[in-house]
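What follows is a set of notes on a single structure, which appears directly below.
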Amino acid sequence: MKSSRLPPLGALRAFHAVADCLSFKQAAGQLNVSATAVSHQIRLIESMLECRVFERNAQGVKLTEAGHLLYTGTQSAFTALEESVKKIDQARQPPALTITTTSNFLTNWLVLRLESFKAQFPEIDLHLHTSVQSVDLTQRTVDVAIRYRETAEIGLHSTLLYEDRFIVVASPALALNTLSDLHRTTLFHVENRHVPAENPDWKHWQQGYGPENLNISRGLYFSDETHALQAAVAGQGVVIASKLLAEDLIKRKMLVAPFDLSLPGANYYLVTLEDTADRPDVVSLRDWMQKNMHPGTLE
């Protein structure tokens, strides 16, 4: 049995285009050549294979039995080639690390430190995603989650980053010195906090620290802690806020924490799938966050 010589790649590409659309004219348009050039390539294949691969008649073009066999081969071959080229392109791109977290954490902590991260790891391309709902990491749409929880998640690789507390913060312009000064200040309430289970609100503050006759139902209500912090910076009132999220505003003297008192919060965890935990870019992010995630650090 004589060995068959493989038709040229250009001829196979022309055949594949015609087989895809069953039209010489459309295939020529896709390949940006003339229909005559496509016909020449098909004749070359048929000459080399010594059989017809298309039947042409007034109704159009259809594959012969041999054509179907060849089309199965070109589908597999060109799909494999496209995948290989795609992998080459991906390998040439800088590594991309997709992080999901809350808008509050991104705005008040991570964004302020992105320049530091990029300076240390210029080869890592960060993609930042925010959501009020926890993203299912098993879907692999993100690589890392920064989550605020009371305990680590079962079945995932969780690294404790920070044990949070909640403190009272206000603009220095309000000159709060004693707990009784809260009587003359607008109280800010942050609603829809689901973590920790014991909400760090004015009710629990009053139960723990007073003042006993403070009217804790009055004030302004916010659905977003970032907005409450910005209103506090503007001197419009006082808020019980995450110590971590308020620390940079305190460092810049835009806010003060007038009382050396706090309420318990939850914990920040860096969470990944087990098979992602040791990926070099994930390890770099984890190490960097563990180094930087403590009060008073803004590199």
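The values are calculated or read from the model by the stated rules, or taken from the named source; none is laboratory data. In this text the structure is predicted, and so the values were computed from the model without any measurement. Cβ placement follows ideal geometry from the backbone for every residue including glycine, while neighbour counts extend to all protein chains displayed. Each accessible area value is taken on the protein alone, full model and side chains, heavy atoms only, with ligands, DNA and RNA left out. Shrake-Rupley method; radii C 1.70, N 1.55, O 1.52, S 1.80 Å.
Taking every alpha-carbon pair in the stretch 164-222 and binning the separations at 10 Å intervals from zero gives 19, 57, 23, 1 percent.
Sorted from greatest to least, the principal axis extents spanned by the alpha carbons of the stretch 93-199 come out as 57, 34, 20 Å. Each label point was placed 7 Å from the Cα along the Cα-to-Cβ direction; for residue 58 and residue 37 their separation is 3.2 nm. Its Kirkwood hydrodynamic radius, worked out from the mean inverse distance over all distinct Cα pairs, puts the stretch 160-263 at 13.6 Å. Annotation: the antiparallel percentage among DSSP beta bridges lying fully within the chain is about 65.
Axis angle, to the nearest 10 degrees, between helix 280-292 and the longest C-alpha principal axis of the chain: 10 degrees. Taking the protein heavy atoms of the stretch 1-86 in the context of the full set of protein chains, the accessible area attributed to carbon and sulfur is 55 percent at 1.4 Å.
Kirkwood radius and radius of gyration were both taken over the C-alpha atoms of the chain, and their ratio Rg/Rh is 1.31. Rounded to the nearest 10 degrees, the inclination of helix 65-92 to the longest alpha-carbon principal axis of the chain is 40 degrees. What lysines does residue 243 reach when the alpha-carbon gap must be under 27 Å and sequence neighbours fewer than 8 apart in one chain are set aside? List returned: 118, 203, 251, 253, 291. Cα extents for the stretch 17-134 along the principal axes, largest to smallest and rounded to whole angstrom: 70, 29, 26. Available extension along the chain between residue 203 and residue 75 is 39.3 nm, counting 0.36 nm per residue and deducting the alpha carbon span. Taking 7 Å steps out from each Cα toward its Cβ at residue 131 and residue 184 produces label points 4.8 nm apart.
Would you mind working out the accessible area per residue for the chain, using a 1.4 Å probe, and quoting it in Å²?
Heavy-atom accessible area per residue stands at 55 Å².
Label positions at residue 30 and residue 252, each projected 7 Å from the Cα along the C-beta direction, are separated by 5.5 nm.
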